[in-house]
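S.K.: This structure is in structure tokens; I'll ask about it shortly.
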Amino acid sequence: MNQLHDTSRVVALVPAAGRGVRLGESMPKAFVPVGGSPMLTLATDGLIASGVVDHIVIAAPAELLDEARILLGHRAEPACPVPVSVVAGGAERTDSVRAGIAAAPQATHFLVHDAARALTPPSMIARVVAELKSGCPAVVPGLPVADTIKSVDADGEVTGTPDRSVLRAIQTPQGFDGQLLRDAYAAGMHATDDAGLVEAFGARVRVIPGDPLAFKITTPLDLRLARTLLAERDTPGRTEIFEQLNTVTR
Ligand code: CTP
Ligand code: MG
């Protein structure tokens, strides 16, 4: 939480309006339970547990706003220490983030954090915000890639093999100076993540170490992994990885 002399307002925007086509469940992905709680709730509680977020704005499917507010319960009350607002997301992820930005004119800094990264350790969220507050305008967590990556043309012919040692797989939360993210979205460019928009806008982006637990639950295999991790949390002799998970879900 902010100290008395700190006038910054860190607002976490949580895109949670996707359909989850690749997951293939019967409900939108953010509502799919993992260890008994929907991803939306797990991601929100991880942000609250980080202790570095002042306000959370969830972008939910337009037809499920009431359901989202019920799931978030007291966290959506104005009196909650970290107030949670729910707004309608849009057809594309960028539309959902744009709706969140519009709902937070008070933000001096934004975190944009996928609901689908439901097991993200709060400590990693705090590291992103610490880097932002040290003056970095754009901060993203990333991990070295394990596989060799190749570019290919439309026929599947390899066109290049970039040096793997300089590649990073980028996660969320991605942190931004508030005005920088507003300006990048207002410029109307296209990118596959928020940092890409800011890069296209000409800003410098720093990568800090990510965390394997911040993986995005995208496919049925990812969902099995996430559910297994939360189930094993409660088995005797658990390892440190499950100790970390406790801070997210308890
Ligand atoms: N998202 C969103 N609005 C959209 C699309 C995606 O808020 N129109 C959110 C998702 O809810 C998710 C995050 O963006 O938390 C990352 O997107 P992704 O993992 O691709 O989720 P989905 O779009 O739901 O999945 P799929 O692409 O398989 O349909
Ligand atoms: Mg998607």
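The values are calculated or read from the model by the stated rules, or taken from the named source; none is laboratory data. From a predicted model like this one, the values you see are computed outputs, not experimental measurements. So basically every Cβ, Gly included, is an ideal-geometry build from the backbone, and we count neighbours across all protein chains shown. The protein model used for the area step is the full one, side chains on, heavy atoms only, and it has no ligands, DNA or RNA in it. Shrake-Rupley method; radii C 1.70, N 1.55, O 1.52, S 1.80 Å.
S.K.: hydroxyl-bearing (Ser, Thr, Tyr) and surrounded by 22 or more Cβ atoms within 10 Å (Cβ to Cβ) - does that describe any residue in segment 38-46?
M.R.: Within segment 38-46, one or more residues are hydroxyl-bearing (Ser, Thr, Tyr) and surrounded by 22 or more Cβ atoms within 10 Å (Cβ to Cβ).
S.K.: Is it fair to say Gly24 is over 21 Å from Leu197 (Cβ atoms) and more than 16 Å from ligand 2 (Cβ to nearest atom)?
M.R.: Taking the combined requirement at face value, the residue does not satisfy it.
S.K.: Against the definition (at pLDDT below 95, within 16 Å of ligand 1 (Cβ to nearest atom) and out of contact with any Gly (no Cβ under 7 Å at 6 or more places or on another chain)), how does Leu72 come out, yes or no?
M.R.: yes
S.K.: Further, regarding this structure: I'm trying to understand the selection: among the residues of segment 178-232, which are within 16 Å of ligand 1 (Cβ to nearest atom) and in a loop (DSSP other than H, G, I, E, B)?
M.R.: Result: His190, Ala191, Thr192, Asp193, Gly210, Phe215, Lys216, Ile217, Thr218, Thr219.
S.K.: If you don't mind, there's one more thing I want to ask. Please specify each residue of segment 51-79 satisfying the condition of being basic (Lys, Arg) and more than 22 Å from Val128 (Cβ to Cβ).
M.R.: Listed by number, the list holds a single entry, Arg69.
S.K.: Among what's in segment 1-21 and is farther than 20 Å from Gly73 by Cα and open to solvent by less than 30 Å² (accessible area, probe 1.4 Å), pick the residue that is farthest from ligand 2 (Cβ to nearest atom).
M.R.: Among those that are farther than 20 Å from Gly73 by Cα and open to solvent by less than 30 Å² (accessible area, probe 1.4 Å), it is Ser8.
S.K.: Got a number for residues in segment 106-158 being assigned to a helix (DSSP H, G or I) and of a type in the set (Asp, Glu)?
M.R.: Total meeting the criteria: 1.
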